[in-house]
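Below you'll find the structure, written out as structure tokens, and then a few comments.
Nothing in this text is a laboratory measurement; each read-out follows from the coordinates by a stated rule. Please read these numbers as outputs of a predicted model, since none were measured by experiment. Cβ sites come from the backbone with ideal geometry, for glycine too, and all protein chains shown count toward neighbours.
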Amino acid sequence: MDCEVSEIVDRLLDSYKEVGGINNIDCSNLPSKQAIGLACEELLQLLFPGFLDEGAVASTEIALKTTSRVAHVITRLKIEVARSLRFKAKNGGDQSEAARAMVCAFLRQLPEVRRLLRTDVEAAYEGDPAAQTFEEIILAYPCLEAIAIQRVAHVLYNDGLPLIPRMMTEWAHGKTGIDIHPGARIGSHFFIDHGTGVVIGETCVIGSRVKLYHGVTLGARSFPKDNEGKIVKGIKRHPNVEDNVTIYPNATILGGETTIGARSTIGASAFLMKSVPPDTLVALEEVEHKVRSKTNHQPSTNDKTGA
Amino acid sequence: MDCEVSEIVDRLLDSYKEVGGINNIDCSNLPSKQAIGLACEELLQLLFPGFLDEGAVASTEIALKTTSRVAHVITRLKIEVARSLRFKAKNGGDQSEAARAMVCAFLRQLPEVRRLLRTDVEAAYEGDPAAQTFEEIILAYPCLEAIAIQRVAHVLYNDGLPLIPRMMTEWAHGKTGIDIHPGARIGSHFFIDHGTGVVIGETCVIGSRVKLYHGVTLGARSFPKDNEGKIVKGIKRHPNVEDNVTIYPNATILGGETTIGARSTIGASAFLMKSVPPDTLVALEEVEHKVRSKTNHQPSTNDKTGA
Amino acid sequence: MDCEVSEIVDRLLDSYKEVGGINNIDCSNLPSKQAIGLACEELLQLLFPGFLDEGAVASTEIALKTTSRVAHVITRLKIEVARSLRFKAKNGGDQSEAARAMVCAFLRQLPEVRRLLRTDVEAAYEGDPAAQTFEEIILAYPCLEAIAIQRVAHVLYNDGLPLIPRMMTEWAHGKTGIDIHPGARIGSHFFIDHGTGVVIGETCVIGSRVKLYHGVTLGARSFPKDNEGKIVKGIKRHPNVEDNVTIYPNATILGGETTIGARSTIGASAFLMKSVPPDTLVALEEVEHKVRSKTNHQPSTNDKTGA
């Protein structure tokens, strides 16, 4: 080892001692990002059998294949869940039994998740004129991936498991650009078209048959602070969206007390921080634009070029 | 196998029987997501030789390397195309001859795609002050990847092939955040800067020398429904953008009858649902903002802080 | 080889001769995208020891592990840096000594980068009510990855190295949707929540304790052209953001002379092209929306539904 390498290493080792909080040295093992990503892929295969394999699955082999996959997922997840439980318990001893029980309880809920995902595929088919078949939606619509992973992560979130649910939805966020917190409660027949830039916060409550377009934010307004000036954690911060609402691209809806009433439509780029009653259409007023011909270089009067 | 695993498997198998539409069991094989991703990577290597390999390619080895790659792509794609054709024909027998013919016809068009991509690289260089060399653009600009894949997917889309063109553009969407439907018709010298959040719909027609920034939507307005309340599929829903138009970040342009006339400029965050004539500048009016000093806590009068 | 393959190959080889500028044949080797991606992963492991491995690192093994990793990164990066230097020097001979020196100088700065990243993790914890632990932030917040890579790429950018810094930040952009140019100068305690769609331009100067939300653009306004109509490269084009500023989702701030004064707050979807003084609150005026009940089909008067 030449002296330069040795100097670099020494500086890094010093830094590991001095700069705390971003090292994980002599601690319990944390869940592995890579393992969580692989578990997400395996869960998607269990949820949509025959779609994400090399080919269709024959009914004669489905029992064997499913058994093998379930065994695989249990093996992988129980390690990661045990790490997450030890982290929660601040290194409280062996968590492998508790982890196995939590993983099994979680997997028993996959059929219920599948029932919801079936309605999400239907909603995509009915909601997008470009969608030609269910198969196209499952193979090529990023929202299916993001919603499926959020629905499974939500089960683990409800069990109080730290770290892993959020790592799962971030795995999907990285692949799809759709950022749904595992805490959000989402009804059936949920569709997000295109999806990039969608943000759905932790305390959102979304009804059934809701349709969002890309860039929609269901976010927080501002954060109350405690006496020490620290942000208060754990209160309702994000909107409610009732059944049959459609929200067009890049609309921003903020606040924990904001409710979008059933059957309402929110137009593209709208910006809302208070509730609207059921059956409401909210659209940006014709936006004031300067419209000017570039050829005669005379500023025209303002024109309304929007809705 | 312990009883818990066996119970989980039984519940899943029951679910596979009960919840239809999201299983691919005893069906024809569908195209593989993984294989389509690998084919996209191989096509990019054929389109930009020497850029995406471990190193430059010597002219003495280029013939051999290209032959090997073309043979590879044919082998991979003909399997996937055959699956897609069988799916289209509803399991209509052996499609391997038709698939091979379609793949070869497709590959014969790569030189034409390369001619277009050369103009796209030029447009990026001329359009972005941060771009220092062609090499930087090909190695580090996500738009090149998204546009190259859309241009090849568009060839297969025009051949009427289902599933695969959309899977290709979704592969690029996942990597770049740029969502261009394979159906969109796009002229030469096309540049998208940054790119995240761009959505270009299926029936868009885009001229030459068009420049878009991130977050631009060329989308649909609303969807006519038939007598049964189902969305009508297959009509013109997305805008036309004529030659030499520039559209700044987060502008939203909607509707199949909306045309942005040649040489026009659309400002950041603009929102348009009707046509503008050639040589027009559309910019958001100075937006009304509340501007208030936080220090004296007196609300100031409104100020116009925009353009 | 059948005649179809041979025809496709011939057409491609002809195209490689005819269409220049997008081939890298008989040139110097360019940096490899794949190698740069792997180097980014290794650098993240050095920056956050024990977080991105399969498990925590014991203090007894940390010296050995760090040495091995540093040696690895040097080996990988010196090849790529040498390619980049040869490209810069237009094939100017052997650059391996210069490359090794640059890589070592770069790695000696990692402790300083770690000091900054520690403040970024703190800022995320203090800025997001959903964040429960530092560990969750390092494992699941995309901004950490994007900012860490930008901070290391910025070191190489300052050394005048072409191609690689931009390839690094594009690697992070592809994974996170956060596009920060390696040239941007960013102070301590920097936090980006959610992140998708954020664009930070090359000549931005950002103070300390700045917090951005997804979709925020710190971009250029327009580009002066020279006498030949070519864009002038290398001038200050992007905004300054002073200390303690918060910018909410989808706000767009443009122009090299635009400065957001210290302690100011910029509201969601705001659009600014001129400076605001310190301690200013800029929020979209209550936006004019058409609000109409869908049930009685009578257009209501306009309502202000915004802030």
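Mind grabbing the base-10 log of I(q)/I(0) for segment C:73-153 at q = 0.19, 0.24 Å⁻¹? Debye formula, identical points on the C-alpha positions, no solvent, two decimal places.
The Cα Debye sum returns log10 ratios of -0.82, -1.04.
Given all pairs of different Cα atoms, what value in angstroms does the Kirkwood hydrodynamic radius of segment B:48-116 take?
Here the Kirkwood hydrodynamic radius works out to 13.7 Å.
In 10 Å bins starting at 0, how do the alpha-carbon pair distances of segment C:184-307 split up by percent?
P(r) over segment C:184-307, rounded to whole percents: 13, 38, 24, 15, 8, 2, 0.
What is the angle, in °, between the Cα long axis of helix B:3-18 and the longest principal axis of the Cα atoms in chain B? Nearest 10 is fine, range 0 to 90.
Once rounded, the angle reads 80 degrees.
I need the inter-copy label distances for C:S96: point set 7 Å along Cα to C-beta, values in nm with one decimal, smallest first.
Computed spacing set for this position: 4.8, 4.8 nm.
How high is the relative contact order of segment C:184-307, in percent, counting Cα pairs under 8 Å that sit 6 or more residues apart?
Computed value for segment C:184-307: 18 percent relative contact order.
Within segment A:93-132, list the residues whose amide N lies under 12 Å from a label point set 7 Å along Cα→Cβ of B:S6.
none
Rounded to the nearest 5, what % of the DSSP beta bridges within segment C:184-307 are antiparallel ones?
Numbers: 4 of 27 bridges.
Bridges in segment C:184-307 that DSSP calls antiparallel: roughly 15 percent.
Are there any trypsin sites (Lys or Arg not before Pro) in segment A:101-173 that are in a DSSP loop and have at most 16 other Cβ atoms within 10 Å? List them by number. Walk me through the numbers before you get to the answer.
On the way: sites: A:R108, A:R114, A:R115, A:R118, A:R151, A:R166; in loops: A:R108.
Listed in order of number, the matching sites are A:R108.
Report, in deg cm²/dmol and to the nearest 500, the calculated mean residue ellipticity at 222 nm for the protein assembly as shown, where each DSSP H run with n ≥ 4 adds -39500 (n - 2.57) and the sum is divided by the residue count. Write down the numbers at each step before the final one.
Numbers: 24 runs with 376 residues, N = 921.
Rounded to the nearest 500, the figure is -13500 deg cm²/dmol.
Roughly how large, in nm² to one decimal, is the mean projection of the convex hull of the alpha-carbon atoms in segment B:121-190?
Directional mean of the projected Cα hull area for segment B:121-190 stands at 4.6 nm².
Relative contact order for chain A: what percent, with Cα pairs under 8 Å and sequence separation of 6 or more?
Relative contact order comes out at 9 percent.
Chain A: D in µm²/s via Stokes-Einstein (Kirkwood Rh, Cα pairs, 25 °C, 0.890 mPa s)? Let's see the in-between values first.
On the way: Rh = 22.3 Å.
Taking Rh from Cα pairs, D becomes 110 µm²/s.
Can you pull the three principal axis extents for the Cα set of segment A:27-177, in Å, largest first?
Sorted largest first, the three principal extents are 53, 37, 24 Å.
I need the phi-derived Karplus couplings for segment A:62-76: 6.51 cos²θ - 1.76 cosθ + 1.60, θ = phi - 60°, integer Hz, Gly and Pro marked x.
In residue order, the calculated couplings are 5, 5, 4, 5, 5, 4, 4, 5, 4, 4, 4, 5, 4, 4, 5 Hz.
When you count, for each residue, the other Cβ atoms within 10 Å and take the mean per peptide, how do B:29-35, C:196-202 rank with the highest first?
Working: B:29-35: 19.7, C:196-202: 26.4.
Peptide ranking by packing, descending: C:196-202, B:29-35.
Per-residue Cβ counts within 10 Å, from other chains only, averaged over B:261-267: what number is that?
2
Among DSSP beta bridges whose residues both lie in chain C, state the antiparallel percentage, nearest 5.
In chain C, approximately 15 percent of DSSP beta bridges are antiparallel ones.
Sort B:47-56, A:219-228, A:242-251 by packing, meaning the average of other beta carbons within 10 Å per residue, with the highest value first. Walk me through the numbers before you get to the answer.
Working: B:47-56: 19.8, A:219-228: 13.1, A:242-251: 23.7.
Highest-to-lowest ranking by the protection proxy: A:242-251, B:47-56, A:219-228.
Between C:A71 and the same site in the other copies, what are the distances in nm, shortest first, taking label points 7 Å from Cα along the C-beta direction?
The answer, with the shortest distance listed first, is 4.0, 4.0 nm.
Treating each Cα of segment A:150-198 as an identical point scatterer and ignoring solvent, apply the Debye formula and state log10 I(q)/I(0) at q = 0.16, 0.17, 0.25 Å⁻¹.
Values, matching the q order: -0.43, -0.48, -0.94.
With N set to the number of residues, divide the alpha-carbon radius of gyration of the protein assembly as shown by 2.2 N^0.38 Å and report two decimals.
The value comes to 0.92.
In peptide B:210-218, what is the residue-averaged number of other protein chain Cβ atoms found within 10 Å of each Cβ?
Neighbouring Cβ atoms belonging to other protein chains average 4 per residue here.
Considering only the label points, 7 Å along Cα→Cβ from Cα, what distances in nm to one decimal separate B:G20 from the same position in each other copy, shortest first?
Computed spacing set for this position: 6.2, 6.2 nm.
Inside 10 Å of the C-beta atoms of C:96-106, what's the mean count of C-beta atoms belonging to other chains?
1
Given N residues in segment C:174-233, what is Rg(Cα) / (2.2 N^0.38 Å)?
Cα-based Rg divided by the globular estimate yields 1.33.
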